[in-house]
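Chemist: Quick one: the structure is below, and I'll ask about it shortly.
Each reported figure results from applying straightforward, stated rules to the coordinates on display, with no laboratory input. What you see is a predicted model, and the numbers here were worked out from it, not measured in a lab. Note that we place each Cβ from the backbone using ideal geometry, even for glycine, and neighbour counts take in every protein chain shown.
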Amino acid sequence: MKKPQPLQYIKAISICALITFTNCKQDPTKMSENILTQEWNGPYQGVPAFDKMKVTDIKEAIEFGMTESLADIDKIANNTEAPNFTNTIAAIEASGKTLDRVFNYYGILSSNMSSPAFRSIQSELAPKLSEYSSKITQNEKLFQRIKAVYDASQETPLELQEQRVVDLTYKKYEMNGANLDPAKKERYAAINKELSSLYNTFSDNVLHDEENYVTYLNADQLDGLSEGFIKSAAKIATDKGQDGTYAITNTRSSMDPFLTYATNRALRKQVWENYYSRGDNGDDFDNNAIIAQILKLRKERVALMGYNNYAEWRLQDRMAKTPENAMDLMMAVWPAAIGRVAEEVADMQTVANDNGDNITIEPWDYRFYAEKVRKKKYDLDSDEVKQYLQLDKLTEALFFTAEKLFNYKFTPVKEGTVPVFQEDVHVWEVTDKDSGKHIGLWYLDPFAREGKRSGAWATTYRSYTNFEGETNVLASNNSNFVKPAPGEAVLVSWDDATTFFHEFGHALHFFSSNVKYPTLNGGVRDYTEFQSQLLERWLSTDQVINKFLVHYKTGAPIPASLVTKIKKAATFNQGFGTTEYLASALIDMKLHLADPTNIDIDAFERETLAELKMPKELPMRHRTQHFGHVFSGEGYATAYYGYMWADVLTSDASEAFAEAPDGFYDKETADKLVKYLFAPRNAMDPAEAYRLFRGRDAKIEALMKDRGFPITE
Ligand SMILES: [Zn+2]
């Protein structure tokens, strides 16, 4: 349950892009001026021309890609030969390359370098893109060919990977309304078009509130804050034209440390309220009505296909299979989580009382007093730990882990060889350590900046497939570390270091893919966080700690006593972490199981949390009004539970390593890890893959133990 925020909307589009066909050579000269539509040139099988990317080219490029695709989808659909795997399924798999290329630029412009100019183009394109994918998923002739191949394969099964692509393709079309009659199809497309605009408005509203609620502090309001934080707050203020003040931006990376350390309670309240009111300010940028409309449309859309609710429709091809299974897991953990919150609050109240603070713990006090409890109970100072967590060393630690588990070698690519979209982005070549075989490139965009979305995420510019010859992988990791003043080391928190490993886990999952067809690279939402969550565990292995956690000034290794404290504190604040996450996951699921007629979002959230006995001392991790995972697209709608689902697998798989003869660096276990849990991606049913790795299904006990929760039964 880290904070990864994969590209919800872009990913959704990318999936659509995979079902397009753009091999057509119609009017090939027409777009020769538009760099974004062109083949990638240069080394490493060609790389994106990020250095030549212009916002003004994107609209034309996307529109060209869509037109080309649609003409070619018709070619597959109107093929006079009898449908078979090659002329239908493989042809679809081979399609979409131009548009796929353009989407990579679109993704960068949307997530890494957003601007008002791009956002207005995005709003204009959103309904067109939606209309475009509806045209493909609702192409009757195309679907009949897919269905014919699928039906035949039920009689005479194909080879494993071919069969899996056929099954997934058929299911995807069916779930997207391909079996509907013409009238229903029309309504289905209209709903999707409206939804895509609502998703954009939702995101824009959140971003507006993130950019427009900045708290500027004077020099006498900085008590408790670290030197590094103050320096960076001063720089942000200067950049915003408020020289001489200190800016607390309305993002998690600013809010979280401020609430942890600032002694000024009134300011903590203000920063907290700004952050948790995003999208809920009752103004032009309020998301409540938009969410209600999204829920209504989602329910209407799945009802066209005969489903009772959105959750039931969504979970059928997930590892959990049904909303009930997901709810059962969440509710099995929930009582222990809120029980732990009560203990944490009691501990914090004692600290406050002992200190003579004369307060009752409120949500804006949680992080502040939790930190005091942490110091008292575990004598662990987050700032002291930070001195040993340098971004550069952590990057080396990632490479070390990748070498030990995957036999990968990372070599920096000489500057200027591979184009980047921003000077802070760096690129490494990934090869097999023994054979020297080229595997791909790893792009790292580490720092926060205006226009870059918050959080951390991983994505690919090109994925591995071998059905048309082997392709290399271009993968990227993106973070929002605060860029230090010149000459200073980038020091990060233990949490951020964990997230850094997490996102790298996604990258390794991309690099290790050995699937034949693009569709098989697709992630299963409640499974695809497992690999990345598992990777987090290597941060706290002795090998990584001893080698890479050294003091940023003296180079001295992290003291063993501090490591002992970190490990001892691992279950600290799990009440907070688990409860804030589960509250969001439960609300996500319950919103989609509810009747959306006349739903009042604020009231629903309040009443549902009351029913759940949500402790009043903390909020949901993402309140509904800014829950981008769920409402800025469909990527995580009724899927936020997936982090915990994946975490059950994570804890259980970690136990397999812990029990192995050589622990987390056990060769045999690592080989099985790569072979069954990483390389097949979605070429194999996840439950089956897990059984091959573990010899049985995952159990919940390891997760409860990891979080320090009592195990009942
Ligand atoms: Zn993730």
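Chemist: Suppose R0 equals 56 Å. What FRET efficiency, 1/(1 + (r/R0)^6) with r the Cβ-Cβ distance, do residue 362 and residue 187 give to the nearest 0.05?
Modeler: FRET efficiency, residue 362 to residue 187: 0.75.
Chemist: Still on this model: Can you tell me the order of 492-501, 236-245 when each peptide is scored by its average per-residue count of other Cβ atoms within 10 angstrom, highest first?
Modeler: Final packing ranking: 492-501, 236-245.
Chemist: Further question: Show me the ranking of peptides 563-574, 525-536 by mean Cβ neighbours inside 10 Å, starting with the highest.
Modeler: 525-536, 563-574
Chemist: Shifting gears a bit: Using the membrane-span-like helix rule (whole DSSP H runs, Cα extent along the own axis of at least 20 Å, mean Kyte-Doolittle hydropathy at least -0.5), which helices of the chain qualify?
Modeler: Qualifying helices: 55-77, 116-137, 288-304, 323-354, 391-406, 494-511, 574-593, 642-659.
Chemist: Straight-line reach from residue 269: which lysines fall under 17 Å, measuring Cα to Cα and dropping same-chain residues less than 8 apart?
Modeler: Here the lysines satisfying the reach criterion relative to residue 269 are 616.
Chemist: Now for a different question. What size of dipole, in debye to the nearest 20, comes out for the chain about its Cα centre when the only charges are +1 on Lys and Arg C-beta atoms and -1 on Asp and Glu C-beta atoms?
Modeler: It comes to approximately 540 debye.
Chemist: A follow-up question, please. What residue among 136, 447, 555 has its Cα farthest toward the positive end of the dipole of the chain, where the charges are +1 on Lys, Arg and -1 on Asp, Glu, each on the Cβ?
Modeler: Working it through, the farthest residue towards the positive pole turns out to be 555.
Chemist: Then there's this: What residue among 430, 348, 58 has its Cα farthest toward the positive end of the dipole of the chain, where the charges are +1 on Lys, Arg and -1 on Asp, Glu, each on the Cβ?
Modeler: The listed residue farthest towards the positive side: 430.
Chemist: Obtain the nm distance between the two label points defined at residue 332 and residue 117 by a simple spin-label model: each point lies 7 Å from its Cα along the Cα-to-C-beta direction.
Modeler: Label-label distance for residue 332 and residue 117, simple model: 5.3 nm.
Chemist: Now, a different point. Expressed in whole Å with the largest first, what are the equivalent ellipsoid semi-axes of the chain derived from the C-alpha gyration tensor as the square root of 5 times each eigenvalue?
Modeler: 40, 29, 27
Chemist: Considering only DSSP states other than H, G, I, E and B, which trypsin sites (Lys or Arg not before Pro) in segment 645-700 qualify as loop sites with at most 15 other Cβ atoms within 10 Å?
Modeler: 696, 699
Chemist: Sticking with this structure for a sec: Divide by every residue of the chain the summed helix terms, -39500 (n - 2.57) for each DSSP H run of at least 4, and state the resulting mean residue ellipticity at 222 nm, rounded to the nearest 500 deg cm²/dmol.
Modeler: About -16500 deg cm²/dmol.
Chemist: Along Cα→Cβ, 7 Å out, is where each label goes; now give me the distance between the ones at residue 384 and residue 307 in nm to one decimal.
Modeler: Calculated label separation equals 5.1 nm.
Chemist: Relative to the present Cα-Cα distance, how much length would full extension add between residue 321 and residue 227 at 0.36 nm per residue of separation?
Modeler: My answer for the length gained is 28.9 nm.
Chemist: Right, something else. With respect to the cross-link table entries 386/567; 393/437; 59/128, which display a Cα-Cα separation exceeding 18 Å?
Modeler: As for pairs spanning more than 18 Å Cα to Cα, those are 393/437.
Chemist: Taking amide H atoms as placed 1.01 Å from N in the peptide plane, list the residues 5 or more away in sequence, or in a different chain, whose amide H sits under 5 Å from that of residue 439.
Modeler: 430, 431, 432
Chemist: With just the Cα atoms defining each centre, how far is segment 466-501 from segment 627-666? Give it in Å.
Modeler: 19 Å
Chemist: May I pose another question? Counting pairwise Cα distances across segment 132-252, what percent come out greater than 24 angstrom?
Modeler: Tail of P(r) above 24 Å: 58 percent of Cα pairs.
Chemist: If you don't mind, another one. Counting other beta carbons within 10 Å of each Cβ, put 374, 187 in order, fewest first.
Modeler: Result, fewest neighbours first: 187, 374.
Chemist: Among the DSSP beta bridges whose two residues both lie in the chain, what percent are antiparallel, rounded to the nearest 5?
Modeler: Looking only at bridges with both residues in the chain, the antiparallel portion is about 70 percent.
Chemist: Something else about it: For segment 567-713, what log10 I(q)/I(0) values come out of the Debye formula at q = 0.18, 0.19 1/Å, with one point per alpha carbon and no solvent?
Modeler: -1.13, -1.18
Chemist: Still on this model: Mind listing the long-range amide H neighbours of residue 456? Cut-off is under 5 Å, sequence gap 5 or more, other chains count too, H placed in the peptide plane at 1.01 Å from N.
Modeler: Residues meeting the amide H criterion: 5.
Chemist: Counting only the backbone N, which residues of segment 641-658 are under 18 Å from the spot 7 Å out from the Cα of residue 701 toward its beta-carbon?
Modeler: Residues 648-658 fall inside that zone.
Chemist: Could you pull out the pairs from 672/699; 235/377; 54/141; 75/171; 240/553 whose alpha carbons sit more than 27 Å apart here?
Modeler: Among 672/699; 235/377; 54/141; 75/171; 240/553, the Cα-Cα distance tops 27 Å for 235/377; 54/141; 240/553.
Chemist: For segment 397-454, what's the radius of gyration and Dmax over Cα atoms, in angstrom?
Modeler: 13.3, 42
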